[in-house]
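Beneath this line is the structure, given in structure tokens, with notes to follow.
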Amino acid sequence: MKFFIDTANFEEIKEAHSWGIISGVTTNPSLVAKENISFHDRLKEITALVPGSVSAEVIALDAEGMIEEGRKLAALAENITVKLPMTPEGLKACSVFAAEGIKTNVTLIFSANQALLAARAGATYVSPFIGRLDDIGQNGVELIETISDIFTIHDLDTQIIAASIRHPQHITAAALAGAHIATTPFNVLQSLFAHPLTTKGIDQFLKDWETRTNK
Ligand code: E4P
């Protein structure tokens with residue numbers, strides 16, 4: 001499973017990218033709204049830094065508007081992926097982009113049937129939101145497992161991005177459930193490094209190093 005970072009904050013992207021673990025970036029209108037920036041300028045900065053897929057979401061609700069917006073976004077850089085909502089209009093736009101060779105990420109996936117529809121419309125990625133499902137008492141990770149099984153049985157190339165990640169357990173569970181990618185907030189990425197025995201081990205190594213006699 002690969003890691004994308006789920007943020008529009010450039011400092012977070014730069015830091016996580018410097019760790020050598022980031023294969024892409026996802027943004028959404030809520031994440032962009034938190035930053036005081038021009039969306040297109042930020043996308044240019046991100047795409048210049050991160051060579052992998054950078055998801056940029058359309059705002060239009062009709063297919064025609066999504067296609068117009070998506071083409072403009074895709075023209076900003078070769079590694080832009082157009083993010084589309086899981087609606088009939090979103091899938092109309094998805095199939096047009098698939099025919100044009102523009103990568104797509106169908107977002108706000110909450111059921112296996114939605115994922116199957118998006119895959120059949122030619123989506124490059126589907127984004128099931130596991131945290132938001134957990135929030136309403138459903139099992140987000142089980143959804144990833146079901147989608148993964150369906151895509152394998154039917155030999156579908158669409159990749160699964162586990163989205164709405166809230167904590168480290170989501171990462172391990174999504175990887176085991178067959179997600180190709182976990183798009184992960186910066187604070188969760190940071191928390192993946194932490195283990196008390198790692199910290200204790202480093203402290204002990206440094207203490208022992210100071211006690212060596214042939215300095
Ligand atoms: C990513 O593509 C999604 O937009 C994001 O992971 C949603 O996360 P949230 O449920 O924490 O807002």
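The values are calculated or read from the model by the stated rules, or taken from the named source; none is laboratory data. Remember, predicted model here, so these are calculated numbers, not experimental data. Positions of Cβ are backbone-derived with ideal geometry, glycine not excepted, and every protein chain shown enters the neighbour counts.
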- Restricting attention to region 1-51, report how many residues are part of a loop (DSSP other than H, G, I, E, B) and among the β-branched types (Val, Ile, Thr). 5
- Note on the structure: Inside region 151-167, the number of residues satisfying the requirement of being surrounded by 15 or more Cβ atoms within 10 Å (Cβ to Cβ) and either polar (S, T, N, Q) or away from the ligand (no atom under 15 Å from the Cβ) (or both) is 5
- Query: Right, residue 173: closer than 30 Å to residue 61 by Cα and either assigned to a helix (DSSP H, G or I) or in contact with a strand residue (DSSP E or B) (Cβ under 7 Å, 6 or more places away or on another chain) (or both) or not?
  - Reply: no
- May I ask you to list pairs of residues, at least six apart or on different chains, whose Cβ atoms are under 7 Å apart, with the first in region 94-111 being modelled with pLDDT of 95 or more and the second being assigned to a helix (DSSP H, G or I) and away from the ligand (no atom under 16 Å from the Cβ)? 96/67; 102/74; 104/97; 104/98
- Message: Tell me whether region 42-51 contains one or more residues that are closer than 30 Å to residue 173 by Cα, modelled with pLDDT of 95 or more and touching a His at 6+ places or on another chain (Cβ under 9 Å).
- Response: yes
- Of the criteria (1) crowded, with 18+ Cβ neighbours inside 10 Å; (2) closer than 29 Å to residue 17 by Cα, which one residue 114 fails: (2)
- Task: Please find, among 36, 28, 9, the residue that is within 15 Å of the ligand (Cβ to nearest atom) and out of contact with any strand residue (DSSP E or B) (no Cβ under 8 Å at 6 or more places or on another chain).
- Result: 9
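Among 121, 173, 162, 182, which is touching a Leu at 6+ places or on another chain (Cβ under 7 Å) and not polar (S, T, N, Q)?
121
Being without any contact (Cβ under 8 Å) to a residue 40 or more places away in the chain, part of a helix (DSSP H, G or I) and of a type in the set (Val, Ile, Thr), is that true of even one residue in region 177-192?
To start, the set of residues in region 177-192 that are without any contact (Cβ under 8 Å) to a residue 40 or more places away in the chain comprises 177-178, 187-188, 190-192.
Subset that is part of a helix (DSSP H, G or I): 177, 187-188, 190-192.
Remaining after also requiring of a type in the set (Val, Ile, Thr): 188.
So far as region 177-192 goes, yes, one or more of its residues are without any contact (Cβ under 8 Å) to a residue 40 or more places away in the chain, part of a helix (DSSP H, G or I) and of a type in the set (Val, Ile, Thr).
Table: residues versus (1) on the phi > 0 side of the Ramachandran plot; (2) β-branched (Val, Ile, Thr); (3) touching a helix residue (DSSP H, G or I) at 6+ places or on another chain (Cβ under 8 Å).
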| residue | (1), (2), (3) |
| --- | --- |
| 152 | no, yes, no |
| 158 | no, yes, yes |
| 165 | no, yes, yes |
| 179 | no, no, yes |
| 188 | no, yes, yes |
| 191 | no, no, yes |
| 195 | no, no, no |
| 199 | no, yes, no |
